[in-house]
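Colleague: Below are the structure tokens for one structure; questions will follow.
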Amino acid sequence: GQGRGKAARGAASEMKRLLLWLMLLASPVAAQTIDDPEGMVMGVGREDGSEAGFRNWVAAFRIKALEAGVPAATYDGAMRTASYLPMVVERDRKQSEFTKAIWDYLDIAVSDDRVALGAKALTKNADLLARIEAQYGVDREVVVAIWGLESAYGTYRGDTDTLSALATLAYDGRRAAFFEVQLVLALEILSDGHVERGALQGSWAGAMGHTQFMPSSWAEFAVDFDGDGRRDIWGDDPADALASTANYLAHWGWTKGQPWGLEVRLPEGFDYDQTTERVKKPVAAWRSLGLVPMAGGPLPDGPEASILLPAGHTGPAFLIFPNFQVIEKYNLADAYVIGIGHLGDRIAGGPPIAAGWPRQWRALTLEERKELQALLVAQGLDTGGVDGRVGPRTIAAVKAWQKDRGLVPDGYPSPDVLEALR
């Protein structure tokens, strides 16, 4: 009966979110966002860079929020103190141009200090984490790693007013439909009494709490683990936030005791065409090809796995398992997933990454990635578009170009590849 009740509540929650999306997508604001994805049309919900324009948007959006179920008193009281944040718009528009080499990212994400603090957090919260692990079947180290990377183990949860951030991004119009829904859900959090207005703070993008949940993630996955009647991810007690994170990972299929991945040594003469997430083989098959863990010993038993070369064949190689894709649900970037997985391993006492990184290279800028794609397309190769996003098709195109020239086909878009294409 409890299971059926939980399933019924989940179905009702899903239906509510679906109806909310449909309602907001039917609004003039969202319709303009869809028809005009670059946000060039001025009108309802279009940012003109002024506080007055923002206040007009808040007044206009009130109708939609109330139709979505937000009480008028909640909307009026909460949005009265929301303000337009130009800094949020600036940071949002610069995201796509932000580039950092994976080794530079990992130097910070898995620094010695972060590993040491993670080990202390693991010990300090041992009883809580043991109960969370037992209930959700998610290894405590990965939960602590997410906590460490998202908020430095709760020491910095963000100090931007969440409603102001979400309303600013909805008003800006570039991704209005998404942020309108997030704003409505954040207002529902307030209405239901899970957090006080002044404590509803987080990142500039609207992520909140110890493990930086967006309101939609909170609505679907947050739990009241300490039993106080609130799903509180914001306060000093991390219990609800850490349990909510475990619930999130469990929902997406985390397998307890299975690695996210491990660093491996590839044998001489290895076929680098097989280094892609699209090629999956049983661990026994990789073992038969001569793969061995860099840390020594045999490859662990497990399901099908893939080989990832996040910095090409001159950098580390990882054998990745389905738990890798589960962490991707938190953040799609390979650097983030490896950062979380490796930080968890280090917190548990594992070794650092053994192979060296090609530190003589830098990450390509957005414009350089677009140029690389355009040059590949000009040679008849399919990159899936010229948008600066290096996905499977771009990697496959780089591999094809490398093979045609007798180079190691690792698919890595290095500065050397761009220079040769030029």
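Colleague: How much of the accessible area of the chain, probe 1.4 Å, is carbon plus sulfur, in whole percent?
Modeller: 54 percent
Colleague: Non-local amide H neighbours of Y153 (under 5 Å, H modeled in plane, Pro and chain starts lacking H): which ones?
Modeller: G148
Colleague: Another question about this same structure. Ordering E220, E196 by how much accessible area each has at a 1.4 Å probe, largest first, what is the list? Show your work: numbers first, answer last.
Modeller: On the way: E220 70, E196 140 Å².
Output order, biggest surface exposure first: E196, E220.
Colleague: Then there is this: Over the heavy atoms of H313, what accessible area does a 1.4 Å probe trace out, to the nearest 10 Å²?
Modeller: Spelled out: H313, probe radius 1.4 Å, area about 80 Å².
Colleague: Got a number for the accessible area of K329? Probe 1.4 Å, square angstrom, nearest 10.
Modeller: Roll a 1.4 Å probe over it and K329 shows about 100 Å².
Colleague: Leaving ligands and nucleic acids out of the surface, order T168, T123, T314, T160 by accessible area at 1.4 Å, largest first. Mind dumping the intermediate values first?
Modeller: Details: T168 0, T123 105, T314 70, T160 20 Å².
From most accessible down to least: T123, T314, T160, T168.
Colleague: Along the charge dipole of the chain, Cβ charges K/R +1 and D/E -1, which of V398, G148, P413 sits furthest on the positive end?
Modeller: After comparing all options, I get V398.
Colleague: Suppose every K and R has +1 on its Cβ and every D and E has -1 on its Cβ; what is the size of the dipole of region 342-393 about the Cα centre, in Debye to the nearest 20?
Modeller: On the way: 7 positive and 6 negative charges, 35 e Å.
I would put it at about 160 debye.
Colleague: From the phi angles alone, apply the Karplus equation (6.51, -1.76, 1.60; θ = phi - 60°) to region 202-207 and give each ³J(HN,Hα) in whole Hz, x where the residue is Gly or Pro.
Modeller: x, 7, 4, 8, x, 7
Colleague: If you rank I307, I63 by how much accessible surface each has, with a 1.4 Å probe, what is the order from largest down? Intermediate results must be reported in sequence, preceding the final value.
Modeller: Working: I307 0, I63 105 Å².
Ranked list, largest accessible area first: I63, I307.
Colleague: Now for a different question. Per DSSP H run of at least 4 residues, take -39500 (n - 2.57); add these up for the chain, divide by its residues and hand me the 222 nm value, nearest 500 deg cm²/dmol.
Modeller: Details: 19 runs with 217 residues, N = 422.
Result for the chain: -15500 deg cm²/dmol, rounded to the nearest 500.
Colleague: If you don't mind, there's one more thing I want to ask. If you only keep lysine pairs separated by 8 or more in sequence, or across chains, how many in the chain come under 23 Å at the Cα atoms?
Modeller: Lysine pairs meeting both conditions in the chain amount to 23.
Colleague: Using the Cα centre of region 287-422 as the reference point, and only Cβ charges (+1 on K/R, -1 on D/E), how large is the resulting charge dipole? Debye, rounded to the nearest 20.
Modeller: The dipole of region 287-422 has a size of about 100 debye.
Colleague: Further, regarding this structure: Over the heavy atoms of M87, what accessible area does a 1.4 Å probe trace out, to the nearest 10 Å²?
Modeller: 80 Å²
Colleague: Express the relative contact order of the chain as a whole percentage, based on alpha carbon pairs under 8 Å and six or more residues apart in sequence. Write down the numbers at each step before the final one.
Modeller: Numbers: 617 pairs, mean separation 62.1, N = 422.
Relative contact order, the chain: 15 percent.
Colleague: Which residues' amide hydrogens lie under 5 Å from the amide hydrogen of A317, considering only partners 5 or more residues apart or on another chain, with H built in the peptide plane?
Modeller: Result for A317 returns V264.
Colleague: In addition: Any idea what the dipole of the chain comes to, in debye rounded to 20, about its Cα centre with Lys/Arg Cβ at +1 and Asp/Glu Cβ at -1?
Modeller: Details: 43 positive and 55 negative charges, 116 e Å.
Computed charge dipole of the chain: roughly 560 debye.
Colleague: Just going by the charge dipole of region 56-212, with Lys and Arg at +1 and Asp and Glu at -1 on Cβ, which of A59, A199, V181 is farthest out on the positive end?
Modeller: Farthest towards the positive end: A59.
The values are calculated or read from the model by the stated rules, or taken from the named source; none is laboratory data. The structure displayed is predicted, hence computed values, not measured ones. Virtual Cβ from ideal backbone geometry, glycine too; neighbours counted across all protein chains shown. Side chains are part of the model used for accessible areas, which takes the heavy atoms of the whole protein and leaves out ligands, DNA and RNA. Shrake-Rupley method; radii C 1.70, N 1.55, O 1.52, S 1.80 Å.
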